[in-house]
1. Residues being part of a loop (DSSP other than H, G, I, E, B) and either farther than 16 Å from Leu45 by Cβ or hydroxyl-bearing (Ser, Thr, Tyr) (or both): count how many of those fall in the range 87-115.
2. If a residue has to be assigned to a loop (DSSP other than H, G, I, E, B) and either among the aromatic types (Phe, Trp, Tyr) or crowded, with 17+ Cβ neighbours inside 10 Å (or both) to count, how many in the range 65-83 make the cut?
3. I'm checking my understanding of the structure. Among residues of the range 94-116 that are of a type in the set (Ser, Thr, Tyr) and open to solvent by less than 20 Å² (accessible area, probe 1.4 Å), which one is nearest to Tyr65 (Cα to Cα)?
4. Tally up the residues in the range 16-40 that are in contact with a strand residue (DSSP E or B) (Cβ under 9 Å, 6 or more places away or on another chain), part of a loop (DSSP other than H, G, I, E, B) and modelled with pLDDT of 90 or more, please.
5. So which of Ala13, Ala83 is at pLDDT below 75 and farther than 14 Å from Gln107 by Cα?
6. Yes or no: Thr43 open to solvent by 20 Å² or more (accessible area, probe 1.4 Å), assigned to a helix (DSSP H, G or I) and of a type in the set (Ser, Thr, Tyr)?
Amino acid sequence: RVSQPMYRNQTHAKSHSPQQYQVRDSQTYVVTHDFDGTAELTTTLAHALSDVSGVDVTDTGFTLYDYIDPDALDQLFKPRDDAGQRINGTLTFSVWGHQVTVYSDGQIAIVPPRQSPQPTR
């Protein structure tokens, strides 16, 4: 289960509980992954990128492997064996010109490029 994202031109902040989100600026798309849900972090990331870029996740040109190792990303931020949440971790990388930052609390922030490039096929 993924919380509803907040997108562009909405400029208020909420607390950092897992089901809430924060807009860092008016161009940042932010969604929070639910670690208690059934989806992997990279699934939430893929759907968020799809929302921002307009490219359907079932499109054959849609792949994260060209930009990041999805299995490694899922392992990096999954809850610890004692079910504790990882804290203070972030990872920033680019996908199709979008700056993506994943936070240890499950928050994913995507800053689109000035002009949205489409993924190469």
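1. Step one: filter the range 87-115 for residues part of a loop (DSSP other than H, G, I, E, B), giving 87-89, 96-97, 104-106, 112-115.
Checking which are either farther than 16 Å from Leu45 by Cβ or hydroxyl-bearing (Ser, Thr, Tyr) (or both) leaves us with 87-88, 104, 113-115.
Matching residues across the range 87-115 total 6.
2. Within the range 65-83, the first condition is being assigned to a loop (DSSP other than H, G, I, E, B), and the residues that meet it are 65-69, 78-83.
Then keep just the ones that are either among the aromatic types (Phe, Trp, Tyr) or crowded, with 17+ Cβ neighbours inside 10 Å (or both); that gives 65, 67-68.
Of the residues in that region, 3 qualify.
3. Residues of the range 94-116 that are of a type in the set (Ser, Thr, Tyr), as a first pass: 94, 101, 103-104, 116.
Filter once more, keeping what is open to solvent by less than 20 Å² (accessible area, probe 1.4 Å): 101, 104.
On the way: Thr101: 16, Ser104: 21 Å.
Looking at the filtered set, the residue picked out is Thr101.
4. So the first thing to find is which residues in the range 16-40 are in contact with a strand residue (DSSP E or B) (Cβ under 9 Å, 6 or more places away or on another chain), and the list is 16-25, 27-33.
From the residues that got through so far, the ones that are part of a loop (DSSP other than H, G, I, E, B) too are 16-21, 23-25, 27-28, 33.
Checking the rest, the ones that are also modelled with pLDDT of 90 or more come to 28, 33.
Looking only at that region, the number is 2.
5. Numbers: Ala13 fails: farther than 14 Å from Gln107 by Cα.
Being at pLDDT below 75 and farther than 14 Å from Gln107 by Cα holds for just one of Ala13, Ala83, which is Ala83.
6. Details: open to solvent by 20 Å² or more (accessible area, probe 1.4 Å): yes; assigned to a helix (DSSP H, G or I): yes; of a type in the set (Ser, Thr, Tyr): yes.
The answer is yes for Thr43.
The values are calculated or read from the model by the stated rules, or taken from the named source; none is laboratory data. Everything numeric in this text was worked out from a predicted model, so none of it was measured. Don't worry about glycine lacking a Cβ; one is built from the backbone with ideal geometry, like all the others, and counts go over all protein chains shown. These area figures cover heavy atoms from the full protein model, side chains too; ligands, DNA and RNA do not enter into them. Shrake-Rupley method; radii C 1.70, N 1.55, O 1.52, S 1.80 Å.
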